[in-house]
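Single-structure report; data block below.
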Amino acid sequence: MMDEKLIAQITAEVLRQLTQNGSAAPSAAAPSVCVPDGRLVCEDGMLPDLTTARSKAEITLSHMVNRDMMEQMKRKTPARIGIGSAGPRLRTRTYLTLRADHAGARDAVFRDVDADLLREMGLFTVQTLCTSRNEHLTRPDLGRQLSEDTKRELRSKCQLNPQVQIYVADGLSSQAVDVNLRDILPALMDGLQDYGIATGTPFFLRFGRVPAMDVISETLGAEVTCVLLGERPGLATANSMSAYIAYKATVGMPEARRTVVSNIHSGGIPAVEAGAHLAGLLKTILERKQSGVDLQL
C-alpha cells in the first residue's frame, strides 16, 4: 500500500501536468459554493472550507420526508447526520470533511501551545520527564512525573501550601489551551478571589498528563489542585478543555478521587462560564474536604 507522502507526490505531478496542458485552468465565473445535494463547486482551483460550522450544518440528503425535523436534529448535535451516500459509499464531500477534521485533530495533538499566549497570561513553564512530543504521546507514564530539578523550581517560584493550586497543561490538545485560556483562567481566578479563597502561583506544564497533578499537589502542599488541560481531540472539535480537581491529591491515589468538568469549548460549556462554575465547585470541595465520587453535589 502506498504511503501518504507518495500519494501526495503523485497527485502533485498529475496536477502539474494538467495545468501545463491547460486542462486544469479554473473557470473565473465558477462560484465557490457547496450546493445542497453535496456536490462541490470550485473557484480558482480551490475547494470551499468544509470545516466551518456553516458548512457542517448543511444537509446534503437528496430527498427527505421531513426537512424541518432533520434541521432540528442538526442543530442539536455535531454528529454526521443528514449526509446521504453515493451508493454504498460516502459522498466525496463527506469524505473530504472527515479528512479535514482528522487533519485538524492531528494538528491539535502535535502543535505546541502558543508561547506568546503563556507570556501574556503570566505563566512560567516547566516540563514533565518527556523530552519530545513523540515521547509525550508514546510514554504517558513519563508525562505523569517531574524531575527533582523541576520540583525544586516549582517550590522556588510558587507559593507553598495554597488553598487552591491552579495550573495549565497541554495534555493532548494544545489548541484547546490556545482557544480557551484567555477566558477561563481570569474568570476562575477572579471567582476564587471573590470567594476569599487563596490561590497559589499558576504556571504551565508542558507534556503534562492528568496524574502529574498528584506530584504537584505533594510538591507544593496544596489543599486542592486543579489542572486545566487540553483533551484528546475528536472529529467534532479539537478545542475541548477539561478541568481535573482533587482534594489533597497524592501520588498513586485512585482515579475515583478526581472531579472533572469536561467539554469546555464554544460548542459545549463556554470558557468564561466554565471558569465561574469551577470557582463555585472549588469552594464546595474546600468546604466539604472531598472530591471525586466522595463529593455528593
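The values are calculated or read from the model by the stated rules, or taken from the named source; none is laboratory data. Keep in mind the model is a prediction, meaning the values are calculated, not measured. In this analysis, Cβ positions are derived from the backbone assuming ideal geometry, glycine residues included, and neighbour counts consider all displayed protein chains. These accessible areas exclude ligands, DNA and RNA; they are computed on the full protein's heavy atoms, side chains included. Shrake-Rupley method; radii C 1.70, N 1.55, O 1.52, S 1.80 Å.
Averaging the Cα positions of each part gives two centres, and for region 155-200 and region 76-119 these lie 29 Å apart.
Here the accessible area of region 220-297 is 52 percent carbon and sulfur, with a 1.4 angstrom probe and all protein chains present. Among residues other than Gly292 with Cβ under 10 Å from its Cβ, the summed charge is 0 (Lys and Arg +1, Asp and Glu -1).
Placing +1 on the Cβ of every Lys and Arg and -1 on the Cβ of every Asp and Glu, with no other charges, gives the chain a dipole of roughly 620 debye about its Cα centre. With a Förster radius of 25 Å applied to the beta-carbon distance between Tyr95 and Val260, the computed FRET efficiency rounds to 0.15.
Is the shape of region 111-161 best called rounded, prolate or oblate, per the rule: a/c under 1.5 gives rounded, else a/b larger than b/c gives prolate, else oblate, with a ≥ b ≥ c the square roots of the Cα gyration tensor eigenvalues?
It is oblate, given that a/c is not under 1.5 and a/b is not larger than b/c.
Within the chain, the ratio Rg/Rh, alpha carbon atoms throughout and Rh by Kirkwood, equals 1.08.
Candidates Gly200, Gly104, Val224 compared by Cα position along the dipole of the chain: farthest toward the positive end lies Gly104, with charges placed on Cβ. Its relative contact order, with pairs defined as Cα atoms under 8 Å and 6+ residues apart, puts the chain at 15 percent.
Give me the number: length gained by fully extending Glu287 to Ile10, i.e. 0.36 nm times residue separation minus the C-alpha to C-alpha distance, one decimal in nm.
93.4 nm
Debye sum, Cα scatterers, region 152-233, no solvent: what log₁₀ I/I(0) at q = 0.21 1/Å? One equal scatterer on each Cα of region 152-233 leads to -0.98. Largest GNM mean-square fluctuation across Ser173, Ser85, Ser262, computed for the chain with C-alpha springs under 10 Å, falls on Ser85. List the lysines whose Cα lies under 18 Å from the Cα of Lys248, skipping any in the same chain that are fewer than 8 positions away. Lys248 reaches Lys151, Lys283, Lys289.
Look at the Cα gyration tensor of region 133-278: its axes a ≥ b ≥ c give a/c of at least 1.5 with a/b at or below b/c, and that counts as oblate.
Each label was represented as a point 7 Å from its Cα along the Cα-to-Cβ direction; for Gln145 and Phe110 these points are 2.8 nm apart.
Summed over qualifying helices (DSSP H, 4 residues or more, each -39500 (n - 2.57)) and divided by its residue number, the chain shows a 222 nm mean residue ellipticity of -13000 deg cm²/dmol. Charged neighbours of Asp183, selected by a Cβ distance under 13 Å, balance to -3 (K, R count +1; D, E count -1). Accessible surface for the chain, divided over its residues, is 55 Å² per residue with a 1.4 Å probe. Taking 0.36 nm per residue of separation and subtracting the current Cα-Cα distance, fully stretching the chain between Arg152 and Leu61 would add 26.8 nm. Residues whose amide H falls under 5 Å from that of Ile269, counting only those 5 or more places apart or on a different chain, are Ile264, with hydrogens built in the peptide plane.
Computed across region 66-149, the Kirkwood hydrodynamic radius from all distinct Cα-Cα pairs reaches 17.2 Å. When peptides 184-195, 62-73 are ranked by their average number of other Cβ atoms within 10 Å per residue, the highest-first order is 184-195, 62-73.
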